[in-house]
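One structure is given below, encoded as structure tokens.
The values are calculated or read from the model by the stated rules, or taken from the named source; none is laboratory data. As the structure is a computational prediction, the values presented were derived from the model and not from experiment. Here the Cβ positions follow ideal geometry from the backbone for every residue, glycine too, while neighbour counts run over all protein chains shown.
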Amino acid sequence: MNSKIFEEKYRDYVLVPLGLIVLGIYHLWLLFTIIRRPTTTVIGLNAVSRHQWVLHMMRDPAKNGVLAVQTIRNNLMASTLLATIAITLSSLISAIVSSSSNEIYTIHTTKYLSVLICFLVAFFCNMQTTRYYAHISFLLNVPESSDEGREEFIEYVSQQLNRGCLFWSLGLRAFYFAFPLLLWIFGAIAMFTCSCSMAILLYFLDTASSSPSYLYNGNVVKTNRSPDIESRGTDWSVDTNLHCSLLGNTKPDSTTDTVFTSGR
């Protein structure tokens with residue numbers, strides 16, 4: 001009986017850190033890829049797409065204002081739903097831990113505490129997303145009073161939108177981390193297996209094998225090519241500063257300047 005308990009603890013001390021290391025290494029690689037080659041990741045491409053969307057919406061606030069606010073409202077409802085789920089699960093786990101054990105520290109308490117931390121992080125990130133979205137809904141409909149400083153203001157709105165979406169991504173990551181930790185309750189082997197499977201699944205969800213060329217060029221070009229984007233490859237070996245939209249740099253991009261001036 002003692003040898004079985006010792007073997008179970010040995011698995012917790014070995015397999016659980018290995019599973020966390022696998023997820024940590026993957027996310028370090030993902031962060032490095034986003035910084036160096038953002039257009040090869042879904043997160044980077046979505047940031048550039050949102051940047052172009054803000055440019056299009058703010059060219060004519062009177063015409064596109066309702067559409068912009070409705071789009072932000074839909075994302076606001078989604079972030080509010082995730083925040084509600086996260087805080088509800090956190091309260092449930094806290095009630096389970098407080099009623100099941102009177103000891104200050106046990107291995108089961110550590111398992112529940114790790115899951116609780118993930119849900120609290122998810123709640124915080126989704127609340128920050130709600131904060132940014134609520135602020136952006138006002139900024140999108142600011143009327144154009146003069147040409148001076150308009151481009152910088154649009155870049156500022158795009159930066160705030162991408163920051164809100166960045167917190168959205170971090171909130172989803174916290175939910176992803178909660179899956180292996182939840183399975184840790186059923187054993188270290190299940191946790192390690194789920195961690196490896198999660199890293200493989202996230203790789204296919206986070207990477208983009210091909211990208212639409214109009215995002216890279218900064219405008220939509222009508223050509224006679226096949227409309228199937230996935231069927232044609234695009235050379236992304238020369239990455240410029242397209243990641244500025246994701247990292248929050250307010251310096252206007254040369255491609256985005258072309259889009260803005262051509263629409264005026």
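Given the structure, is residue 137 among the polar types (S, T, N, Q) and surrounded by 19 or more Cβ atoms within 10 Å (Cβ to Cβ)? Here the answer is no, as residue 137 does not meet what is asked.
Do we find a residue being in a loop (DSSP other than H, G, I, E, B) and under 30 Å from residue 179 (Cβ atoms) anywhere in the stretch 130-150? No, the stretch 130-150 contains no residue that is in a loop (DSSP other than H, G, I, E, B) and under 30 Å from residue 179 (Cβ atoms). The criterion of being of a type outside the set (S, T, N, Q) and closer than 18 Å to residue 43 by Cα holds for residue 164. Does the stretch 95-118 contain any residue that is part of a helix (DSSP H, G or I) and among the aromatic types (Phe, Trp, Tyr)? Within the stretch 95-118, one or more residues are part of a helix (DSSP H, G or I) and among the aromatic types (Phe, Trp, Tyr). Every condition in (1) surrounded by fewer than 15 Cβ atoms within 10 Å (Cβ to Cβ); (2) under 22 Å from the mean Cα position of the chain (by Cα); (3) aliphatic (A, V, I, L, M) holds for residue 166 except the one numbered (1).
Candidates 145, 114, 137: the one that is within 30 Å of residue 51 (Cβ to Cβ), at pLDDT 85 or above and of a type in the set (Ser, Thr, Tyr) is 137. Every test in (1) more than 23 Å from residue 177 (Cα to Cα); (2) among the aliphatic types (A, V, I, L, M); (3) over 19 Å from the mean Cα position of the chain (by Cα) is passed by residue 89 save one, and that test is (1). Go over the candidates 28, 67 one by one and state the one that is closer than 22 Å to residue 163 by Cα, modelled with pLDDT under 90, loosely packed, with under 15 Cβ neighbours inside 10 Å and among the hydrophobic types (A, V, I, L, M, F, W, C). Answer to the check: 67.
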